[in-house]
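As structure tokens, the structure follows; a few thoughts come after it.
The values are calculated or read from the model by the stated rules, or taken from the named source; none is laboratory data. Source: prediction; values computed, not measured. When we count neighbours, we look across all protein chains shown, and the Cβ atoms used for this are built from the backbone with ideal geometry, even at glycine.
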Amino acid sequence: MLTVDTVRALRTMVERARTENKKIGLVATMGNLHEGHIALVHVASQRVDFVVASIFVNPLQFGPSEDLASYPRTPEADREKLLNAGCDLLFTPAVEQIYPDGMLSQSIVSVPKVSEGLCGAARPGHFDGMATVVNKLLNIVQPDVAVFGEKDYQQLAVIRSMVRDLNMATNIVAAPTIRATDGLALSSRNGYLSKRERSVAPILYACLREMAASIQDEQRVDERQLNECRQRIITAGFQLEYLEVRNAQDLSPVTNNNAQFVILVAARIGKTRLIDNLTVDLRLEG
Ligand code: AMP
């Protein structure tokens, strides 16, 4: 596995793979890799011949009071994990490679509707920053396939919308969320949790499961139970940003004839912000 840190070197290597008739895949990350990220590499490997992973902590998607400076950076361990996973090329650009004229004079990709509300409301500018960098990475690598985790459900919806709206040629593939044995979704931010916070964190997934079972049983959203779950999360010590049930396809509010639901949660405990989600498809479970 080669590591390159310039756009030019990246393009040369991808070009070479293409002349060998290889299909190209991209897994975009911010590093501090865990099993969730590695699962994306495996999904990509099943679909393409040449897997590119990128590690770039994108300043454009962090708000002024967010954890850009303290975001965990573990380049050596990441490299080792990608090598073992069979990744072919690692792209680790510096900020200047991605934003050569600075972030203020950067064209911005803004995706309407799906990026509004939920995390979009709590993190103003986040999805613009994320969509912009994903757009750049897709243009730099021009992969046949790019794999993103369902863990970041709204992010995936924003990327799908962007790719459709802008007629981008990459096939976007979703990979399931990888969890710890107690249900907590793996996240680079889990490392911020104290021992006590880590011990209560699985309540988020427990509430998602409870709501999913209830939707399956009742074929509708039980608002009373949703409120009970919200209260339980708060009582456990979280500041709840949202626990919502939405239409799984476009994140719009649920209607009476909804068949595909997604339950989404975002909550802070101490200095850590956690998100998770679970889908329910009544067409499959009925
Ligand atoms: P990040 O490094 O957090 O920006 O995430 C990079 C990619 O990994 C995104 O597509 C995430 O959705 C995905 N990802 C993060 N955590 C998980 C997880 N626990 N399971 C599956 N995919 C994940």
>> I need the helices (runs of 4 or more DSSP H) fully contained in the stretch 163-268, keeping only those with at least 2 residues that are surrounded by 19 or more Cβ atoms within 10 Å (Cβ to Cβ).
In response: 203-218, 223-235
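Determine, yes or no, whether Ala180 is touching a strand residue (DSSP E or B) at 6+ places or on another chain (Cβ under 6 Å) and of a type in the set (A, V, I, L, M, F, W, C). Walk me through how you get there before you give the answer.
Values: touching a strand residue (DSSP E or B) at 6+ places or on another chain (Cβ under 6 Å): no; of a type in the set (A, V, I, L, M, F, W, C): yes.
No; evaluated as a whole, the condition is false for this residue.
Looking at the stretch 44-103 only, could you name the residues that are among the polar types (S, T, N, Q) and out of contact with any Cys (no Cβ under 9 Å at 6 or more places or on another chain)?
Those that are among the polar types (S, T, N, Q) and out of contact with any Cys (no Cβ under 9 Å at 6 or more places or on another chain): Gln46, Ser54, Asn58, Gln61, Ser65, Ser70, Thr74, Asn84, Thr92, Gln97.
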>> Need pairs with beta-carbon distance below 8 Å; first residue in contact (Cβ under 8 Å) with a residue 60 or more places away in the chain and within the stretch 120-147, second surrounded by fewer than 23 Cβ atoms within 10 Å (Cβ to Cβ) and acidic (Asp, Glu); sequence gap 6+ or separate chains.
In response: Ala122/Glu241; Arg123/Glu66
>> Six or more apart or on different chains, Cβ atoms under 7 Å: show the pairs whose first residue is in the stretch 148-163 and more than 6 Å from the ligand (Cβ to nearest atom) and whose second is polar (S, T, N, Q).
In response: Glu150/Thr177; Tyr153/Asn277; Val158/Ser115; Met162/Asn135; Val163/Thr170
>> Please go through the stretch 34-54 and give me each residue that is near the ligand (Cβ under 8 Å from one of its atoms) and buried (at least 22 other Cβ atoms within 10 Å of the Cβ), ordered by number.
In response: His37, Leu40
> Which condition number in (1) within 14 Å of the ligand (Cβ to nearest atom); (2) without any contact (Cβ under 8 Å) to a residue 40 or more places away in the chain; (3) assigned by TED's automatic domain parsing to the domain that holds Ile38 is the one that Asp182 fails?
Replying inline: (3)
> Looking at the stretch 42-60, which of its residues are within 19 Å of Leu10 (Cα to Cα), touching a residue at least 60 places away in the same chain (Cβ under 8 Å) and not in a loop (DSSP other than H, G, I, E, B)?
Replying inline: Ala44, Val52, Ser54
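Inside the stretch 269-286, can you point out the residues that are under 18 Å from the mean Cα position of the chain (by Cα) and either under 22 Å from Arg196 (Cα atoms) or not in a strand (DSSP E or B) (or both)?
Within the stretch 269-286, the subset under 18 Å from the mean Cα position of the chain (by Cα) is 272-279.
Selection gives Thr272, Arg273, Leu274, Ile275, Asp276.
Have a look at Gly25, Gly63, Gly31 and point out the one that is assigned to a loop (DSSP other than H, G, I, E, B) and crowded, with 16+ Cβ neighbours inside 10 Å. Explain how you work it out, then say what you get.
Values: Gly25 fails: assigned to a loop (DSSP other than H, G, I, E, B); Gly63 fails: crowded, with 16+ Cβ neighbours inside 10 Å.
Only one candidate qualifies: Gly31.
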